[in-house]
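K.L.:
Below is the structure I would like to discuss, written out as structure tokens.
The values are calculated or read from the model by the stated rules, or taken from the named source; none is laboratory data. Everything numeric here is computed off the predicted structure, so don't read it as measured data. Neighbour counts run over all protein chains shown; Cβ positions are idealised from the backbone, glycine included.
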Amino acid sequence: MPTFRYVASNTQNKPVSGTIEASDKSAAIASLTNQELRPISIKEDSKTASLSFKRLLRGDKVKSDDIVIFTRQLSAMVGAGVPLLRALTSLEQHTDSQGLKTALIAIKKDVQDGSPLADALGKHPRIFSDVYVNMVRAGEAAGILDEILKRLALQQEKNAAIRKKVKSAMTYPMVLVVITILAFFGLMLFVIPQIGNILSDLGGPDAELPALTQFMLGISGFTASYWFIIIPVFIGLVFLGLRYLRTRRGKAQLHRFALKVPVLKGVVQKVAIARFAQTFSALMSAGVAVLEALDVTARSVGNVVYEEALKKAAEEVKNGATLSSVIERNPLFPAIVSQMLAVGEETGQTDTVLIKVADFYQEEVDLAIDGVSALIEPVMIIFMGAMVGLIAASVMLPIAGLAQSIRQ
């Protein structure tokens with residue numbers, strides 16, 4: 001936590017100086033005021049300022065595991081009758097996450113000033129999502145905060161499992177792509193030119209090389225001559241492409257494309273439906289209204305195409321349609337989802353039914369990702385083998401031609 005050096009005056013108007021720890025300058029001023037000191041000058045200590053700058057560069061990102069642990073511990077303490085402010089103080093003191101510690105200091109202050117916990121959490125959207133905040137708000141209103149926090153922890157564990165599974169499946173192909181790109185530039189800059197010199201020495205300057213060999217030598221020559229332009233442009237295009245994919249429009253195009261690719265479509269669809277079922281069921285069980293639950297779920301599903309579909313569904317539900325009938329007409333959702341929703345609407349147990357749907361699609365996601373992972377490996381091996389084979393052919397063809405000429 002940053003340390004601030006201050007000069008203040010006490011109730012007798014005598015100057016007082018010292019240091020104080022606080023999350024920010026405003027918190028330090030508030031702390032001094034509570035001690036009946038009137039701040040005159042307050043500056044952050046240079047050592048802690050450099051640490052704060054490092055934290056700013058690092059972003060103090062809070063891991064999902066830290067949020068799950070915090071949620072479970074807060075649920076247990078609230079359920080045991082520990083006052084909320086005392087529970088937050090204890091968790092702030094014992095957490096290992098600096099980002100979460102900083103947020104809890106501010107949250108504790110807001111709660112101490114009379115703000116509901118949900119409003120205090122809502123001021124930290126990078127740590128606590130809309131789903132989290134809305135469920136906590138519903139739990140506070142219904143007086144079942146400890147039970148809601150248990151459900152939140154369970155839901156976050158399931159969402160984290162899906163994210164880890166997807167990241168794990170993407171790691172191997174991304175490593176292979178990077179290796180392939182580095183191998184391409186290495187071959188074009190260092191290997192192919194040497195091979196070209198050897199072939200020229202063997203066949204002479206007037207030797208006619210096969211078209212494939214000439215093509216490869218041409219690419220190599222262009223790359224070797226303009227590498228200082230090609231590499232920065234390539235890196236720049238990758239950077240701009242990744243940045244574009246983070247925009248709303250870029251995400252929409254990527255998600256629509258993924259839903260059209262036969263292999264990826266099943267994985268993307270199952271991940272989105274699993275998140276929809278988990279989030280919507282959790283909000284419904286917390287007592288959140290259907291329209292508000294749909295709005296929050298749409299923003300939390302992680303897929304722009306499904307987000308737009310759920311927002312349109314919310315409009316139709318607002319006009320009197322049942323959610324199951326709206327979902328049934330949308331090809332993005334398999335028939336089982338609308339059928340289970342219809343059963344839930346008839347029995348008044350939509351949240352319970354959707355939990356079963358979420359569990360089913362959680363298993364389907366695992367199977368689908370395993371299938372894609374098993375398919376990606378041979379495809380990438382074939383691709384890399386084809387690249388190596390192309391280079392080998394460009395070398396062997398002229399050598400074979402030279403050998404034939406010597407025999408004649």
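K.L.:
For V365, which of the numbered conditions (1) buried (at least 20 other Cβ atoms within 10 Å of the Cβ); (2) modelled with pLDDT of 90 or more; (3) within 25 Å of the chain's Cα centre (by Cα) fails to hold?
P.N.:
(2)
K.L.:
Within the range 128-150, restricting attention to residues that are at pLDDT 80 or above and of a type in the set (D, E), which residue is farthest from K270 (Cα to Cα)?
P.N.:
E140
K.L.:
Before we move on, is V304 touching a residue at least 12 places away in the same chain (Cβ under 8 Å) and in contact with a His (Cβ under 8 Å, 6 or more places away or on another chain)?
P.N.:
Values: touching a residue at least 12 places away in the same chain (Cβ under 8 Å): yes; in contact with a His (Cβ under 8 Å, 6 or more places away or on another chain): yes.
Against the criterion (touching a residue at least 12 places away in the same chain (Cβ under 8 Å) and in contact with a His (Cβ under 8 Å, 6 or more places away or on another chain)), V304 qualifies.
K.L.:
Considering only residues of the range 311-344 that are surrounded by 15 or more Cβ atoms within 10 Å (Cβ to Cβ) and of a type in the set (S, T, N, Q), which is nearest to V290 (Cα to Cα)?
P.N.:
Per the stated criteria, the residue is T322.
K.L.:
What about L176, is it of a type in the set (A, V, I, L, M), in the same structural domain as A274 (by TED's automatic domain parsing) and either outside any helix (DSSP H, G or I) or exposed (fewer than 13 other Cβ atoms within 10 Å of the Cβ) (or both)?
P.N.:
Values: of a type in the set (A, V, I, L, M): yes; in the same structural domain as A274 (by TED's automatic domain parsing): yes; either outside any helix (DSSP H, G or I) or exposed (fewer than 13 other Cβ atoms within 10 Å of the Cβ) (or both): no.
Spelling it out, it is not the case that L176 is of a type in the set (A, V, I, L, M), in the same structural domain as A274 (by TED's automatic domain parsing) and either outside any helix (DSSP H, G or I) or exposed (fewer than 13 other Cβ atoms within 10 Å of the Cβ) (or both).
K.L.:
Which numbered condition trips up A153, out of (1) under 21 Å from the mean Cα position of the chain (by Cα); (2) at pLDDT below 80?
P.N.:
Checking A153 against (1) under 21 Å from the mean Cα position of the chain (by Cα); (2) at pLDDT below 80, the one that fails is (2).
K.L.:
Give the residue that is nearest to V178 (Cα to Cα), with candidates limited to residues of the range 217-233 that are modelled with pLDDT of 90 or more and hydrophobic (A, V, I, L, M, F, W, C).
P.N.:
Among those that are modelled with pLDDT of 90 or more and hydrophobic (A, V, I, L, M, F, W, C), it is V233.
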